[in-house]
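Heads up: the structure comes next, in structure tokens.
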Amino acid sequence: MMHFTIAIDGPAAAGKGTIARALAARLGMAHLDTGLLYRAVGALVAEGADPVAAAQGLSEGDLTRGDLRSLSAGEAASRVAAMPPVRAALVDFQRRFARREGGAVLDGRDIGTVICPDAEVKLFVTADAETRARRRWLEAGGEAAPEPFATVLHQVCARDERDMNRPDAPLRPADDALILDTTRLSIEDAVAHAMRAVSDRKPK
Ligand code: C5P
């Protein structure tokens, strides 16, 4: 029986998801992008659902809908994520996932602080706002993206502001998290740093 939880938190577009997926693949662990849970609830609410009912009734199918990655879905997610009963409805699912057999990597905002305070490895992945917004904008097509760079930068900053300043589970590094600033790191280097942090903690 092997339980091993890697908690990865940080602001929008810092590289959490990329690092989490790479660690999970290399270590043969399951990965949960917890932002998707809030994005799915936000999308259901945009269609008229009650936020708490949507969170309580969330299904696997809700997480695979195609429209969850957009800037507006991120915005909707961060609004419902500030509601304590929405967060409460999603706790058990995340904790069960974290303790699954074979180990798990979870990325989000409150994994190391609230969901898995006993995680074996905690990383706080960050980068300056310009860099994060530029990555988002390039992902969305750069000059061909639906929103200009300035709009993406504004939305990234507004979302961080809301996530850091909400009373329930605000975005912040756990006291024992390793801070990984990816502003000047390639993806390969960022993953290498993260792998080293895991190797230091993982039983051979
Ligand atoms: O990580 P992602 O950009 O998909 O997250 C979307 C939003 O969901 C975040 O801005 C945040 O408000 C919320 N979220 C959260 N807690 C998590 C993951 C995401 O509050 N663990």
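Between Val45, Val114, Val86, the distinction of being within 25 Å of Ala158 (Cβ to Cβ), within 13 Å of the ligand (Cβ to nearest atom), touching a residue at least 24 places away in the same chain (Cβ under 8 Å) and buried (at least 22 other Cβ atoms within 10 Å of the Cβ) belongs to Val86 only. With respect to Arg69, determine if the residue is of a type in the set (D, E, K, R), buried (at least 17 other Cβ atoms within 10 Å of the Cβ) and under 18 Å from Arg136 (Cβ atoms). The answer is no for Arg69. Whenever a residue of segment 143-160 is over 14 Å from Glu130 (Cβ atoms) and without any contact (Cβ under 8 Å) to a residue 40 or more places away in the chain, its partners that are assigned to a helix (DSSP H, G or I) and of a type in the set (Lys, Arg), lying with C-beta atoms within less than 9 angstrom and at least six residues away or across chains, give the pairs Ala145/Arg136. Residues that are assigned to a loop (DSSP other than H, G, I, E, B) and touching a Lys or Arg at 6+ places or on another chain (Cβ under 6 Å) do not occur anywhere in segment 139-154.
State yes or no: is Ala169 closer than 22 Å to Leu90 by Cα, within 12 Å of the ligand (Cβ to nearest atom) and either of a type in the set (A, V, I, L, M, F, W, C) or assigned to a loop (DSSP other than H, G, I, E, B) (or both)? When the stated conditions are applied, Ala169 passes them. Selection within segment 55-71: residues that are in a helix (DSSP H, G or I) and in contact (Cβ under 8 Å) with a residue 24 or more places away in the chain. The member of this set that is farthest from the chain's Cα centre (by Cα) is Gln56. The number of residues in segment 89-107 being assigned to a loop (DSSP other than H, G, I, E, B) and either small (Gly, Ala, Ser) or surrounded by 13 or more Cβ atoms within 10 Å (Cβ to Cβ) (or both) comes to 4. One residue stands out among those in segment 15-42 that are hydrophobic (A, V, I, L, M, F, W, C) and farther than 20 Å from Leu90 by Cα: the one that is surrounded by the most Cβ atoms within 10 Å (Cβ to Cβ), which is Ile19.
Quick one: which residue in Ala119, Ala82, Ala49 is part of a loop (DSSP other than H, G, I, E, B) and touching a strand residue (DSSP E or B) at 6+ places or on another chain (Cβ under 6 Å)? The unique qualifying residue is Ala119. Whether any residue in segment 124-135 is in contact with a Pro (Cβ under 8 Å, 6 or more places away or on another chain), closer than 15 Å to Ala20 by Cα and modelled with pLDDT of 95 or more is what I want to check. Looking for residues that are in contact with a Pro (Cβ under 8 Å, 6 or more places away or on another chain), closer than 15 Å to Ala20 by Cα and modelled with pLDDT of 95 or more, one finds at least one in segment 124-135, hence yes. Of note, Leu36 satisfies the criterion of being within 8 Å of the ligand (Cβ to nearest atom), modelled with pLDDT of 95 or more, within 14 Å of the chain's Cα centre (by Cα) and under 30 Å from Glu130 (Cβ atoms).
When restricted to residues that are among the hydroxyl-bearing types (Ser, Thr, Tyr) and buried (at least 24 other Cβ atoms within 10 Å of the Cβ), segment 1-14 contains 0.
The values are calculated or read from the model by the stated rules, or taken from the named source; none is laboratory data. Everything quoted here is computed from the prediction, not taken from an experiment. Note that we place each Cβ from the backbone using ideal geometry, even for glycine, and neighbour counts take in every protein chain shown.
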